[in-house]
1. Quick one: give the max-minus-min coordinate of the C-alpha atoms of the range 63-182 along each principal axis, largest first, in Å.
2. Would you mind ranking 161, 178, 30, 138 by Cβ crowding within 10 Å, fewest neighbours first?
3. Round to the nearest 10 and give me the degree value, 0 to 90, for the angle of helix 175-185's Cα axis relative to the longest principal axis of the chain.
4. Between 12, 131, 172, where does the largest GNM mean-square fluctuation fall for the chain, given springs only between Cα atoms within less than 10 Å?
5. Where does helix 3-100 land angle-wise versus the long Cα axis of the chain, in degrees 0 to 90, nearest 10?
6. Hey, what did the chain get for relative contact order, percent, Cα under 8 Å, at least 6 apart?
7. What residue among 60, 47, 24 shows peak mean-square fluctuation when the chain is described by a Gaussian network model with Cα springs under 10 Å?
8. Under Stokes-Einstein, with the Kirkwood radius over Cα pairs standing in for Rh, what whole-number D in µm²/s applies to the range 1-100 at 10 °C and 1.306 mPa s?
């Protein structure tokens, strides 16, 4: 073999060897880059999923806050409407009571409760009071019950009150008290 052939053979072997090493190095580098890329891609996806989850949780919290806020507003409005309706209802009840107070049934009601208070007091001294609006009924009530009846200094929207001083007892059958009790106990039920 000539020197030229030897050089050519050496060059070919060296180039081939360099090409193999180069291909091998490039392949290893490519594999490392793919590994780094996959790792980076997984990390990015994980971060993105975490970010999405956090965003969803924040949106849920915001939604819940807004829903709670709206519920409070609705409850507040409902409460206002209920108070308005309650006020209208009891205004109507008061009007009906005023109408009732001009009937014979009301007179019978007063007589019945005055006699009941007298029976409750037994032999104890009892003072019977009627509302100033019922002052014109006094004589008829005294005649029907056989009791001395006083006109109260303070109006109580009808009915009667009695006091047994010896026992510190107040018998309160006034419409004012009954209306106040009804107002305090009244509530709308939406079951």
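Where a number appears in this text, it was derived from the coordinates with a stated rule and is not lab data. Just so it is clear, the structure is predicted and the values come from calculations on it, not from any experiment. When we count neighbours, we look across all protein chains shown, and the Cβ atoms used for this are built from the backbone with ideal geometry, even at glycine.
1. Cα extents, longest axis first: 71, 33, 22 Å.
2. Details: 161 22, 178 17, 30 10, 138 14.
Fewest to most other Cβ atoms nearby, the residues stand as 30, 138, 178, 161.
3. Between the helix axis and the principal axis of the chain, the angle is about 20 degrees.
4. Top of the fluctuation ranking is 12.
5. Long axis of 3-100 versus the principal axis of the chain: about 10 degrees.
6. Values: 118 pairs, mean separation 26.6, N = 191.
That works out to 14 percent.
7. Comparing 60, 47, 24 in the GNM, the peak value goes to 24.
8. Values: Rh = 22.3 Å.
D, rounded to a whole number, is 71 µm²/s.
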